[in-house]
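Asker: My questions will all concern the structure given below.
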Amino acid sequence: MKRALITGITGQDGSYLAEFLLEKGYRVYGLVRRSSVGNLERIKHLEKDLRLIPGDLTDQNSLIAALVEARPDEVYNLAAQSFVGVSWQQPVLTAQVTALGVTRMLEAIRTVNPRIRFYQASSSEMFGRAQETPQSEKTPFYPRSPYGVAKVYGHYITVNYRESYGLFACSGILFNHESPRRGLEFVTRKVSDGVARIKLGLAGELRLGNLDSRRDWGYAGDYVQAMWLMLQQDEPDDYVIATGETHSVRELVEIAFSHAGLDWQKYVVVDPRLYRPAEVDLLQGDYSKARSKLGWEPRVSFPELVRMMVDADLARWEKILRQGVPEDTVREKGKP
Ligand code: NAP
Ligand code: G4F
């Protein structure tokens, strides 16, 4: 039986990857950081099948201990301070976790077992002010946020350990991918949650920032398969994972509101305070290398994804209301 360790298992991608690997028959270990409020919501349905190990990407010894305990064949490094917006407020923490955390894990692998196969969660945010469209593995990086800068470091240190020490280390340059498990701070989920609350009379408006920025949005459940495929190849390499399409935040909003039978122009308020200090205007990925070498294709279209997320948030809020949660609590929990 193959063994895998997932950092960031409590996050969106970690939960889908854990499901995927369990279905493939893996023994799955997850690195989980201590939280006073509980962070296991996304994996509670898998609890009995997973082995969770306490640890943190900022704590070198905890990573070595996790590798000694899990004895993995594969490590998927998904943990990060992953929200671009907060990276301007916490640039040093973002660098500690999202950049140096990668080196800590690579050093742990080198120390404990250099035959472990390693996946690094790189990001299309590295393309930033994109130097060409669409963006491929050959497009130069031009990060536009402390998060993007940290991911460029994580990407190159992965390449460097592959070239310096011969580690089987791969970087997946993943474009935005979403799901009903997406954090509420990201724009797709903020919109799907906002639409649901407006539809059910729990909110009267939705405040957003830049409606003109464009992203290549795919479905997280499709993207975790690509992570696994990268580690099954004969040689380690880096791959762009994307849909090849680009859509604006405005298009996202239109589809989401109209799916709930609402006119978005009546509810969306553009709030300049939500603009970023530096914006990534347009991302669109060229995933032809992944298609030809991994045989990977995205399956869920953009409109399907948006409708899936709106339906899930409507169902979630309807359930909360049915269970008789006091209205104040409902409003408080739903704050963007
Ligand atoms: P997410 O939902 O924000 O999950 C992040 C995970 O990292 C959580 O499990 C979090 O734990 C954990 N974490 C944060 N700081 C940590 C630390 N110091 N030590 C250990 N664990 C820590 O992110 P995601 O959307 O699943 O993304 C997964 C990875 O892919 C991230 O590296 C992200 O930057 C990258 N990525 C994401 C996308 C995308 O569109 N989703 C695109 C490209 C790349 P808690 O639950 O305790 O907070
Ligand atoms: O949903 P977002 O916060 O995602 P962003 O910044 O593209 O980052 C995500 O994708 C990256 C891959 O490219 C990942 F590496 C990263 O970890 C994360 O998963 O924002 C998307 C766009 C931005 O242009 C933002 O300015 O939506 C715009 N936007 C407009 N109004 C908003 C809002 N974003 C957020 N979060 N909230 C708003 O109210």
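Asker: With every protein chain kept in place and ligands, DNA and RNA left out, what is the accessible area per residue of the chain? Probe 1.4 Å, answer in Å².
Answerer: 45 Å²
Asker: So, one more: Quick one: which residues, 5+ away or cross-chain, put their amide H under 5 Å from the amide H of Ile53? H built at 1.01 Å from N.
Answerer: Counting only residues 5 or more places away or on other chains, the set is Gly30, Leu31, Val32.
Asker: Another question, then. For Glu178, which sequence-distant residues (separation of 5 or more, or a different chain) have an amide H within less than 5 Å of its own amide H, given hydrogens modelled in the peptide plane?
Answerer: Gly218, Tyr219, Ala220
Asker: Here is a follow-up. With a cut-off of 8 Å between alpha carbons and a minimum separation of six or more residues, what is the relative contact order of the range 189-336 in percent?
Answerer: Over the range 189-336, the number comes to 39 percent.
Asker: Sort 297-304, 33-40, 172-179 by the packing proxy (mean of other Cβ within 10 Å over each peptide's residues), most packed first.
Answerer: So the peptides 297-304, 33-40, 172-179, ranked by packing, come out 172-179, 297-304, 33-40.
Asker: Shape call for the range 37-126 from the C-alpha gyration tensor, a ≥ b ≥ c root eigenvalues: rounded (a/c under 1.5), prolate (a/b greater than b/c) or oblate?
Answerer: The shape class here is oblate.
Asker: Rounded to whole Hz and in sequence order, give me ³J(HN,Hα) for the range 37-50 from the Karplus expression 6.51 cos²θ - 1.76 cosθ + 1.60, θ = phi - 60°, writing x for Gly and Pro.
Answerer: In residue order, the calculated couplings are 10, x, 10, 9, 3, 6, 10, 5, 6, 10, 3, 6, 9, 9 Hz.
Asker: Another one. Ordered by packing density, taken as the mean number of other Cβ atoms within 10 Å over each peptide's residues, highest first, how do 90-100, 279-289 rank?
Answerer: 279-289, 90-100
Asker: Still on this structure: Check Ser122: other-chain or 5+ apart residues with amide H under 5 Å from its amide H, H built from backbone geometry?
Answerer: Gly172, Leu174
Asker: Follow-up. Among rounded, prolate and oblate, which fits the range 169-267 when a ≥ b ≥ c are the square roots of the eigenvalues of its C-alpha gyration tensor, a/c under 1.5 means rounded, and a/b larger than b/c means prolate?
Answerer: prolate
Asker: What lysines sit close enough to Lys266 to cross-link, taking a C-alpha to C-alpha distance under 21 Å and skipping anything fewer than 8 places away on the same chain?
Answerer: Within the straight-line limit of under 21 Å, Lys266 reaches these lysines: Lys190, Lys199, Lys335.
Asker: Tell me, how many Å apart are the Cα centres for the range 199-266 and for the range 1-80?
Answerer: What the calculation gives is 25 Å, centre to centre.
Asker: For helix 302-322, report the angle its Cα long axis makes with the longest principal axis of the Cα atoms of the chain; keep it between 0 and 90° and round to the nearest 10°.
Answerer: The angle comes out near 70 degrees.
Asker: Pop out the ³J(HN,Hα) list for the range 89-100 in order, Karplus 6.51 cos²θ - 1.76 cosθ + 1.60 with θ = phi - 60°, rounded to Hz; leave Gly and Pro as x.
Answerer: 7, 10, x, 6, 4, 4, 5, 4, 8, 6, 9, 5
Asker: Roughly what angle does helix 146-165 make with the longest principal axis of the chain, taking Cα atoms, 0 to 90 degrees, to the nearest 10?
Answerer: Long axis of 146-165 versus the principal axis of the chain: about 20 degrees.
Asker: Could you give the angle, 0 to 90 degrees to the nearest 10, between helix 187-199's Cα long axis and the longest principal axis of the Cα atoms of the chain?
Answerer: The two axes meet at around 30 degrees.
Asker: Rounded if a/c is under 1.5, else prolate if a/b beats b/c, else oblate: with a ≥ b ≥ c from the C-alpha gyration tensor eigenvalues square-rooted, which is the chain?
Answerer: Details: a/c = 1.77, a/b = 1.40, b/c = 1.26.
In terms of gyration-tensor shape, prolate.
The values are calculated or read from the model by the stated rules, or taken from the named source; none is laboratory data. All values reported here derive from a predicted model rather than from experimental measurement. Reconstructed Cβ throughout: ideal geometry from the backbone, glycine too, with neighbour counts over all protein chains shown. For the accessible areas, the whole protein counts, side chains as well, though only heavy atoms, and no ligand, DNA or RNA atoms are used. Shrake-Rupley method; radii C 1.70, N 1.55, O 1.52, S 1.80 Å.
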